């Protein structure tokens, strides 16, 4: 269908040194030297060139290379991928280009090379600075590996993000606080905090089913998320999205694109593309349509996604949605009455309770257009 220009590009590299017990992403453990990785990266480069020739990359403003573990594929393959990008679109400093990395495979040479080829933001999968918890998660790195990776990244990158997990089996509030404080002391500029979720068909799901692993406790996860907001807020970080904290000016533009209805192109195995125009929004994965929304459903989804952000949605956005969804204003007033949202300075914003009860908040907004 005729569609608005893509503003964001996601590239998926589905390879890891080993699969973690909680992971349900489309990834697999493949040795670094495997020709399977060579063939995959070469095909991904061909897809990028093809989309460039079709004129689909001319307005891309953010790029995200995720996985899997992109750093696992090695410097030479990453260099080929980034060189292809530089020939296919405008890869300038004002274009945010993020690459995910894990501590065990991020080297000083890789840091230098990817920085020189246009990556300007690194996202490192730390998860915890506690070795016992890393072992429980099945991570391939130690806490010291994580510390070394962050220091190596900072030799070139000002914009370094890390992921931390909370609500883990055996993780106390003090333990989680220690990881938060260490992240702050190491000088990272962005921290994403994710509670553990037990996904179907993962080793963790099987361990929970047979009693080898405790099911995550919602109250403990909520306590940890509130602790993250307190510790990071005191350290100068702003919670700009339900799971994301940044120092001023270091908010992820690519992640924000997902929550603000920006069309994005996904290339690689299981990568999602979101295509839209004024009347229709479609998401596709591996050539199959996974979402097909009409204008009413788009308006409801935009309100729902907007409430993942601390800035929420403007009165103007709500008024525009009301033309398609007559119950919008009443629903927001009910959310405010229930303590899930608040109206401030011409915007509807999520409360802390709204974020902690996200399923209810988001569900009531999306259900405006069943």
Q.
Taking the criterion of being closer than 23 Å to residue 259 by Cβ, out of contact with any strand residue (DSSP E or B) (no Cβ under 6 Å at 6 or more places or on another chain) and either part of a loop (DSSP other than H, G, I, E, B) or without any contact (Cβ under 8 Å) to a residue 12 or more places away in the chain (or both), would at least one residue in the stretch 33-41 satisfy it?
A. no
**Q.** Subset of the stretch 295-316 that is touching a helix residue (DSSP H, G or I) at 6+ places or on another chain (Cβ under 7 Å) and either modelled with pLDDT under 95 or part of a loop (DSSP other than H, G, I, E, B) (or both) - its residue that is nearest to residue 349 (Cα to Cα)
**A.** 312
**Q.** Candidate set from the stretch 273-290 (those that are surrounded by fewer than 16 Cβ atoms within 10 Å (Cβ to Cβ) and over 18 Å from residue 325 (Cβ atoms)); member that is farthest from the chain's Cα centre (by Cα)
**A.** 277
Q. Could you list, in sequence order, the residues of the stretch 340-353 that are at pLDDT below 95 and in contact with a strand residue (DSSP E or B) (Cβ under 7 Å, 6 or more places away or on another chain)?
A. none
Q. Which condition number in (1) assigned to a helix (DSSP H, G or I); (2) in contact with a helix residue (DSSP H, G or I) (Cβ under 8 Å, 6 or more places away or on another chain) is the one that residue 330 fails?
A. (2)
Q. Regarding residue 65, is this residue within 12 Å of residue 268 (Cα to Cα), assigned by TED's automatic domain parsing to the domain that holds residue 81, under 16 Å from the mean Cα position of the chain (by Cα) and not in a loop (DSSP other than H, G, I, E, B)?
A. yes
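Regarding the stretch 277-294, can at least one residue be identified that is assigned to a helix (DSSP H, G or I), touching a residue at least 12 places away in the same chain (Cβ under 8 Å) and closer than 14 Å to residue 365 by Cβ?
For the stretch 277-294, residues assigned to a helix (DSSP H, G or I), touching a residue at least 12 places away in the same chain (Cβ under 8 Å) and closer than 14 Å to residue 365 by Cβ: absent.
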Q: Sort out which residues of the stretch 341-359 are more than 12 Å from residue 312 (Cα to Cα) and in contact with a helix residue (DSSP H, G or I) (Cβ under 8 Å, 6 or more places away or on another chain), and write them in order of number.
A: 352, 356
Q) Do we have any residue at all in the stretch 155-167 that's modelled with pLDDT under 95 and surrounded by fewer than 17 Cβ atoms within 10 Å (Cβ to Cβ)? A) no
Q. Do you know which of the residues in the stretch 1-32 that are under 17 Å from residue 274 (Cα atoms) and in a loop (DSSP other than H, G, I, E, B) is nearest to the chain's Cα centre (by Cα)?
A. 7
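The values are calculated or read from the model by the stated rules, or taken from the named source; none is laboratory data. Quantities reported herein were computed from a predicted structural model and do not represent experimental measurements. Positions of Cβ are generated from backbone atoms using ideal geometry, with glycine treated the same way; all protein chains shown enter the neighbour counts.
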